[in-house]
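Working notes for the structure below.
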Amino acid sequence: MDDAFEDADVLLTGGAGFVGSWLCDAFIHLKARVTCLDNLSSGRISNIDHIQSGRFTFVNKDVCGFETEERYDYILHLASIASPEDYEKRPDEALLSNSLGSYRVSEAARKGDSIVLFASSSEVYGDAEVVPTPESYWGSVNPLGVRSCYDEAKRFGESLFMAYHRRYGVDVRIARIFNTFGPRMRADGAYARVIPRFITQALRDQAMTVYGDGSQTRSFCYVADTVKALLLQLVRKNARGDVLNIGNTCEITILELAKKIRDAVQSGSEITFYPSRPDDPKRRCPNLTKVKKILGWTPKTSLSDGLDKTIEWFRACTQDSR
């Protein structure tokens, strides 16, 4: 795969976001030319301002209004609000980036004969009744619930891209990304997801906030492993027109996660409990049989090692801000 992207033209929507910025780094390292499209509604310039390359271009624009005559070899559509607290506050934006934004990207891929990857989500499975969850599971989603703006938008996006694949022959690849973590995750306000929230609370010896009784589970994949899977999905011919789970099978309860992070930080933080969030899935863990077969990929980074790297990054950020 080292030379697969050399001199390729790559468009990344949401490229200033958490996973998107890691992908920007990877493509630049692999000698591609990268256009990063982001309106900075949740992405940050600080995620990409270290990229000093003539092969990198940043475009500050909303994907919903994106039109281009440029041709790209690869398009990756990651532009979306991803934090539950944030997309519950901005549901229309979450819906539009994955619907109208997906249409804009689909059209660009159709006109340019591009390979296009849609970053979908394990949220399409809702409160899954089958765990570990395979790609064949259709989901258990509340279409009127507060999370539906994200769940249903991702489901619509998948349907739209597959429609373009079937009608126009667009080379589509869909990744259902499970919980991913690592450096550059936002820990502020509505953007804070569980791992950065726990880490920053522990580093400050603040109370660590758990919603519900903490028995709900998640499976966390370190960002470098997720990025490797996405790159493989772009180049493997047998991934064309298919959907793959990308994640880690190491399932852990949220309460266990809080204690693990507290111990790793060596913090004296107490753990406090708040009411459960509406429609919060009870379990989340991917079945990786299909992705192992098609990509030959499995995550390599343990939860403990990934947490150590992420804690180190947040600790450095905390020191830099003093």
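The values are calculated or read from the model by the stated rules, or taken from the named source; none is laboratory data. Just so it is clear, the structure is predicted and the values come from calculations on it, not from any experiment. All Cβ positions, even for glycine, are placed from backbone atoms using ideal geometry, and neighbour counts span all protein chains on display.
Considered as a group, the residues in the range 7-31 that are surrounded by fewer than 23 Cβ atoms within 10 Å (Cβ to Cβ) and of a type in the set (Gly, Ala, Ser) include one that is farthest from SER83 (Cα to Cα), and that residue is ALA8.
Every residue in the range 112-149 that is in a loop (DSSP other than H, G, I, E, B) and among the charged types (D, E, K, R), please. Passing the criteria: ASP113, ASP127, GLU129, GLU135, ARG147.
Within the range 1-54, the residues that satisfy the criterion of being more than 21 Å from the chain's Cα centre (by Cα) and outside any loop (DSSP other than H, G, I, E, B) are ASP9, ARG33. When residues in the range 268-307 are screened for being among the polar types (S, T, N, Q), out of contact with any Ser or Thr (no Cβ under 9 Å at 6 or more places or on another chain) and closer than 21 Å to ASP213 by Cβ, 2 of them pass.
The rows are residues; the columns are (1) β-branched (Val, Ile, Thr); (2) closer than 30 Å to ILE174 by Cβ.
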site: LEU257; (1), (2): no, yes
site: TYR274; (1), (2): no, no
site: ASP279; (1), (2): no, yes
site: THR289; (1), (2): yes, yes
site: THR310; (1), (2): yes, yes
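Among the residues of the range 281-306, those identified as under 28 Å from VAL146 (Cβ atoms), out of contact with any helix residue (DSSP H, G or I) (no Cβ under 8 Å at 6 or more places or on another chain) and among the charged types (D, E, K, R) are LYS282, ARG283. Residues that are surrounded by fewer than 18 Cβ atoms within 10 Å (Cβ to Cβ), of a type outside the set (Phe, Trp, Tyr) and assigned to a strand (DSSP E or B) are absent from the range 275-296. Applying the set (1) of a type in the set (D, E, K, R); (2) part of a helix (DSSP H, G or I); (3) in contact (Cβ under 8 Å) with a residue 24 or more places away in the chain to ASP213 leaves exactly one unmet item: (2). Residues that are among the basic types (Lys, Arg) and at pLDDT 95 or above within the range 64-111 comprise ARG71, ARG104, ARG110, LYS111, listed in sequence order. With out of contact with any strand residue (DSSP E or B) (no Cβ under 9 Å at 6 or more places or on another chain) and in a helix (DSSP H, G or I) as the only criterion, which of ALA187, ALA224, ALA258, ALA229 stands out? Exactly one residue qualifies, and that residue is ALA224. Residues that are β-branched (Val, Ile, Thr) and closer than 28 Å to ASN47 by Cα do occur in the range 278-298. Looking only at residues in the range 182-236 that are at pLDDT 95 or above and of a type in the set (Asp, Glu), the one that is farthest from the chain's Cα centre (by Cα) is ASP205.
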